[in-house]
Amino acid sequence: MNTSADKTALRDAASVLLIRGTGADAQVLMGQRGSKAAFMPEKFVFPGGAVDATDREVALARPLAQSCLARLSQGHDAPQALAVAAIRELWEETGLMLGCAGTWPDPPAEWQGFAEQGLVPDAHGLRYIFRAITPPGRPRRFDARFFLAHADAVIGDLDDFSAACDELSHLHWVSLREARRLNLPFITEVVLAEAQAHIEGEEMADSVPFFDNSTEVSTFRRIA
């Protein structure tokens, strides 16, 4: 471990909005960060986290859609690694797996538990819907990509979080509308609104919203 690493440096990250149900009855899976967390303490968030170096080495059973890959490539040289990170973080923080049956000849250490279930990570059901960069001056900064996935793609019991790590507490399914009443980071509220509009049938633009705080001047644009 490199203890001298600058923890305020901008890191790539990925999160998953896992959706159960459809339309106005749709629910999203959320959990609460600890009160002593350096980043967003006590806030309710989607499962997610920073991209690891080994995420670039993991082969997917099925890739992301080509349109998602093209947009992710604007700002990242290994877009599939972002999808791998999203699947890994969902599994680590909730115990839920997005995968297909298959075998790994030599999975990285952090994926061995996943591989032992006879699964290979599957990105086919992920849809890239939002990008946001944390503003300067925060104790942690991320260039975060948000993916939408339907719970039908999960292998196993959607209410069994027994295999989750302790990164998030109070893991639960909550309606999209009720979720807006939780203690949320600002950007989580924005992403929820985007997802809700899509799930409830609003026609979505053929581009991805990008809230860019890479400098002192915040900008909002779309990734075509």
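The values are calculated or read from the model by the stated rules, or taken from the named source; none is laboratory data. Fair warning: this is a prediction, and the values are worked out from it, not measured in the lab. Note that we place each Cβ from the backbone using ideal geometry, even for glycine, and neighbour counts take in every protein chain shown. Areas reflect the complete protein model, heavy atoms only, side chains present, ligands, DNA and RNA absent. Shrake-Rupley method; radii C 1.70, N 1.55, O 1.52, S 1.80 Å.
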Can you tell me which residues in the range 102-117 are open to solvent by less than 30 Å² (accessible area, probe 1.4 Å) and either among the aliphatic types (A, V, I, L, M) or more than 17 Å from Gly49 (Cβ to Cβ) (or both)? Gly102, Pro107, Ala115
Over the range 54-67, the set of residues open to solvent by less than 30 Å² (accessible area, probe 1.4 Å) and in a helix (DSSP H, G or I) is Asp55
In the range 140-175, which residues are assigned to a strand (DSSP E or B), surrounded by fewer than 17 Cβ atoms within 10 Å (Cβ to Cβ) and of a type in the set (Gly, Ala, Ser)? Ser169, Ser175
Those residues of the range 98-134 which are in a strand (DSSP E or B) and over 13 Å from the mean Cα position of the chain (by Cα), in sequence order: Gly99, Cys100, Ala101, Leu119, Val120, Pro121, Ile133
Of the residues that make up the range 196-214, is at least one touching a Pro at 6+ places or on another chain (Cβ under 9 Å), modelled with pLDDT of 90 or more and surrounded by fewer than 18 Cβ atoms within 10 Å (Cβ to Cβ)? no
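Let's see how each residue does on (1) of a type in the set (Ser, Thr, Tyr); (2) more than 24 Å from Ala53 (Cα to Cα):
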site: Gly125; (1), (2): no, no
site: Tyr128; (1), (2): yes, no
site: Ser162; (1), (2): yes, yes
site: Ala179; (1), (2): no, yes
site: Glu194; (1), (2): no, yes
site: Ser218; (1), (2): yes, yes
Please indicate, with yes or no, whether at least one residue in the range 68-83 is surrounded by fewer than 21 Cβ atoms within 10 Å (Cβ to Cβ) and closer than 22 Å to Met30 by Cβ. no
I'd like the full set of residues that are farther than 30 Å from Phe211 by Cβ and either in contact with a helix residue (DSSP H, G or I) (Cβ under 9 Å, 6 or more places away or on another chain) or of a type in the set (Val, Ile, Thr) (or both), limited to the range 107-132. Pro107, Pro108, Ala109, Trp111, Gly113, Phe114, Val120
The range 11-42 - residue that is charged (D, E, K, R) and surrounded by 16 or more Cβ atoms within 10 Å (Cβ to Cβ) and, of those, modelled with the lowest pLDDT: Arg33
